[in-house]
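Trainee: One structure coming up, written as structure tokens, with questions to follow.
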Amino acid sequence: MFNISLALAFLMSFHFSLGGEIISLIIPSDALRLLPPYQQHIATNFANYWLPVLILYIFLRSVNAHKYLRPTTGIQFLLGSANAVLITYLILRIFASNIPGGGASFALVSFSAYILIPCKIALYAGTAWLIAHAFWLNYKKIPASESEYQPLFKTTSGIIAVAMLLPPMGYFTWFYSTNYKQINTVKVKLKEANSRFDELCDSAVIEIKGRVKKPDGVFFNGSNQFYMRMLNELDFVEVDFRNNSIQRITKKDNKPAFVNFKIQDVNREQIFKPSARYEVMSKWPQNPADRKLGIISKETIILDRTNNQILAKYLTVRRTKGSMVVATCPKNNFYFFEGNIAKYVLGLTDELKAEGLDVRMSQNLKY
């Protein structure tokens, strides 16, 4: 049963990591990354494989699974071979991570596909064979040999399996206690970041003070996500790329500039100053404390350049981890939200998609 339990644990890890989810609740990933690489690998391996294997083994023995599955020698060999290779690979990963420079880990990961893919195939095939064999025995009503099965706590292997739960528990206790200060510091910072992010989201307001009829073009003071999408419905857009370079962009041969989420070939002309009446301006409020927490705020203002009248103003917020965005506000359709607000204010659409958001419109709002 232990061989089958190990195979099932590996198969589970290919799709989801229950142990990984548990360890992330105890030790945030940011704290785990501060530890030496070999400790990271040991901790994740214990959580992803060791505990699930033992729990699966105890469960399968408790429900007399061996009585129904009755794997053949061939099934055991197929699953066991894959298990042995994967265990060897995990051990090598731990040793390689402790070698300075990262070259050993990179070399091992480079060859991982040649190791993991055959093992996956073997585990899937062995598990399918095991299930088919069990159904076949049940269909033929072939009785199991009662002498070959003993209750969990009446076998040496069962008692050892239960006792083997103690090392991972002891390891995690030691691991957590020795790194408590680092882990707690990260937890405090994470709590502070969540609180600040929620505070900014709760205070975010969309103010719409006016709407205009569809213009010929729009000036974007900053390279926004949505300017090229809007070009499909305008004659031109003008974009300040923040390096003293202002471009007027027009469609080529009157073909759409943005198709299937991809930018098409367009005409670009260098200009000295924008001519569009309406401007979409982006500002990033400088808040060093927020930056340290990985929080980036952006204020967008839509205005009439002829009289500096603000037509709309709203805030978007992102939480980042390195270069990866982990949370956005507003949460729903974040990257389409900004474009929709601009299109609504500039008369390109009459549908305002801002459900669940605090939208404050001026009375008697009209073109």
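Trainee: If I filter the range 303-318 down to residues being under 32 Å from the mean Cα position of the chain (by Cα) and farther than 16 Å from GLU199 by Cβ, which single residue comes out as surrounded by the fewest Cβ atoms within 10 Å (Cβ to Cβ)? Break it down into steps so the answer makes sense when it comes.
Mentor: As a first pass, look at the range 303-318 and keep what is under 32 Å from the mean Cα position of the chain (by Cα): 313-318.
With the extra rule that they be farther than 16 Å from GLU199 by Cβ, the set shrinks to 313-314.
Details: LYS313: 19, TYR314: 25.
Among them, the one singled out is LYS313.
Trainee: Picking from ILE27, ILE94, ILE75, ILE117, which residue would you name as being among the aliphatic types (A, V, I, L, M) and at pLDDT below 75?
Mentor: On the way: ILE94 fails: at pLDDT below 75; ILE75 fails: at pLDDT below 75; ILE117 fails: at pLDDT below 75.
Of ILE27, ILE94, ILE75, ILE117, the one residue that is among the aliphatic types (A, V, I, L, M) and at pLDDT below 75 is ILE27.
Trainee: May I pose another question? Among the hydrophobic types (A, V, I, L, M, F, W, C), crowded, with 18+ Cβ neighbours inside 10 Å and in contact with a Lys or Arg (Cβ under 7 Å, 6 or more places away or on another chain) - does that describe any residue in the range 267-289?
Mentor: So far as the range 267-289 goes, no, none of its residues is among the hydrophobic types (A, V, I, L, M, F, W, C), crowded, with 18+ Cβ neighbours inside 10 Å and in contact with a Lys or Arg (Cβ under 7 Å, 6 or more places away or on another chain).
Trainee: Within the range 117-124, identify whether any single residue is under 18 Å from PHE2 (Cβ atoms), small (Gly, Ala, Ser), out of contact with any Phe, Trp or Tyr (no Cβ under 8 Å at 6 or more places or on another chain) and buried (at least 16 other Cβ atoms within 10 Å of the Cβ), and answer yes or no.
Mentor: yes
Trainee: From the list LYS292, LYS283, LYS252, LYS321, which residue is of a type outside the set (S, T, N, Q) and more than 33 Å from the chain's Cα centre (by Cα)?
Mentor: Only one candidate passes the filter, namely LYS252.
Trainee: Mind telling me which of the residues PHE153, PHE172, PHE111 ends up being of a type in the set (A, V, I, L, M, F, W, C), farther than 29 Å from LYS67 by Cβ and at pLDDT below 75? Walk me through it before giving the result.
Mentor: On the way: PHE153 fails: farther than 29 Å from LYS67 by Cβ; PHE111 fails: at pLDDT below 75.
Of the residues listed, the single one that is of a type in the set (A, V, I, L, M, F, W, C), farther than 29 Å from LYS67 by Cβ and at pLDDT below 75 is PHE172.
Trainee: Can you confirm whether ASN308 is modelled with pLDDT under 80 and on the phi > 0 side of the Ramachandran plot?
Mentor: no
Trainee: Which count do you get for residues in the range 268-288 that are assigned to a strand (DSSP E or B) and either within 14 Å of ILE246 (Cβ to Cβ) or touching a residue at least 60 places away in the same chain (Cβ under 8 Å) (or both)? Quick ask: steps written out before the conclusion?
Mentor: So in the range 268-288, the residues assigned to a strand (DSSP E or B) come out as 268-271, 278-283.
Adding the requirement that they be either within 14 Å of ILE246 (Cβ to Cβ) or touching a residue at least 60 places away in the same chain (Cβ under 8 Å) (or both) leaves 268-271, 278-282.
Within the range 268-288, residues that are assigned to a strand (DSSP E or B) and either within 14 Å of ILE246 (Cβ to Cβ) or touching a residue at least 60 places away in the same chain (Cβ under 8 Å) (or both) number 9.
The values are calculated or read from the model by the stated rules, or taken from the named source; none is laboratory data. No experiment lies behind these values; they were computed from the predicted model shown. Please note: Cβ atoms are built from the backbone with ideal geometry, for glycine as well, and neighbour counts cover all protein chains shown.
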